[in-house]
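Take a look at the structure set out below.
The values are calculated or read from the model by the stated rules, or taken from the named source; none is laboratory data. Bear in mind the structure is a predicted one, so any value in this text is a computation, not a measurement. Here Cβ is always computed from backbone atoms with ideal geometry, including for glycine, and neighbour counts include all displayed protein chains.
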Amino acid sequence: MLASNHISAYETIFLPWAILRQHPFQMVWAPAKEELFRKPFQRLIYSSWGAFPVKRKRDVKANRVINDLLKDQKVMLFPEGTRHPDGRLGKGNRGVGKIIYDMHPTVIPTALIGLNRWKFPGFGQSATVVFGSALDFSDLCVCEDCKETHQLIVDRVMDAIAALLKKEGAYVGEA
């Protein structure tokens, strides 16, 4: 699982592209808000890059899809749940902690830098993807399956993303 900050709509295309450069023919799946799939052309573009629609708030069907994909596929999630185009890092959604608790995936914290300044259409715009080391949740996955544990897990993910942003000089604070 790739867990990244959420600063731009371009991430759903940019992050898989960064991975495909190193691992050709490797699909990367990503939940995306269902509004992006209403127009046929947008649906085609997002679907071709591995995005699938999810409803706002709690989407049980999408959680099942994510859990099934995590068994043997790469999935990118944005723990913040909503974009912060100003570059600030939002609070992690406890549901991501629950997914990690249940599925025990390898979690790679990922920092996206500069995509929030992209304008469409545009060429020659720069952005950076920074991949961190896999996170260890073994101490938390033996704790009780409860909201507090799930929040501790996602807090660890968000702390790791913040550390990557700080290391790159791109941390602008919390939302």
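Things worth noting here:
- Being surrounded by fewer than 15 Cβ atoms within 10 Å (Cβ to Cβ), over 14 Å from the mean Cα position of the chain (by Cα), at pLDDT 85 or above and not charged (D, E, K, R) is a property that Pro40 has.
- If only residues of segment 123-167 that are within 17 Å of Asp86 (Cβ to Cβ) and at pLDDT below 95 are counted, the one that is surrounded by the most Cβ atoms within 10 Å (Cβ to Cβ) is Leu165.
- Of the residues making up segment 105-117, at least one is of a type outside the set (A, V, I, L, M) and free of Cβ contacts under 8 Å to residues at least 12 places away in the same chain.
- Within segment 15-32, tally of residues that are under 13 Å from Leu77 (Cβ atoms) and either without any contact (Cβ under 8 Å) to a residue 24 or more places away in the chain or polar (S, T, N, Q) (or both): 1
- Within segment 1-16, if we keep just the residues that are closer than 14 Å to Ala162 by Cα and in a loop (DSSP other than H, G, I, E, B), the residue that is modelled with the lowest pLDDT turns out to be Ile7.
- Which numbered condition Arg58 misses (of (1) surrounded by fewer than 15 Cβ atoms within 10 Å (Cβ to Cβ); (2) under 28 Å from Leu165 (Cα atoms); (3) touching a Gly at 6+ places or on another chain (Cβ under 8 Å)): (2)
- Filter result for Gly50 (among the small types (Gly, Ala, Ser) and either free of Cβ contacts under 8 Å to residues at least 12 places away in the same chain or under 19 Å from Ile153 (Cβ atoms) (or both)): no
- Search result, residues across segment 1-37 that are buried (at least 20 other Cβ atoms within 10 Å of the Cβ) and of a type in the set (Asp, Glu): Glu11
- Taken over segment 121-175, the residue count meeting the criterion of being of a type in the set (A, V, I, L, M, F, W, C) and under 15 Å from the mean Cα position of the chain (by Cα) is 14.
- Checked across segment 68-80, the condition of being more than 15 Å from the chain's Cα centre (by Cα), without any contact (Cβ under 8 Å) to a residue 60 or more places away in the chain, more than 21 Å from Leu20 (Cα to Cα) and surrounded by 14 or more Cβ atoms within 10 Å (Cβ to Cβ) holds for no residue.
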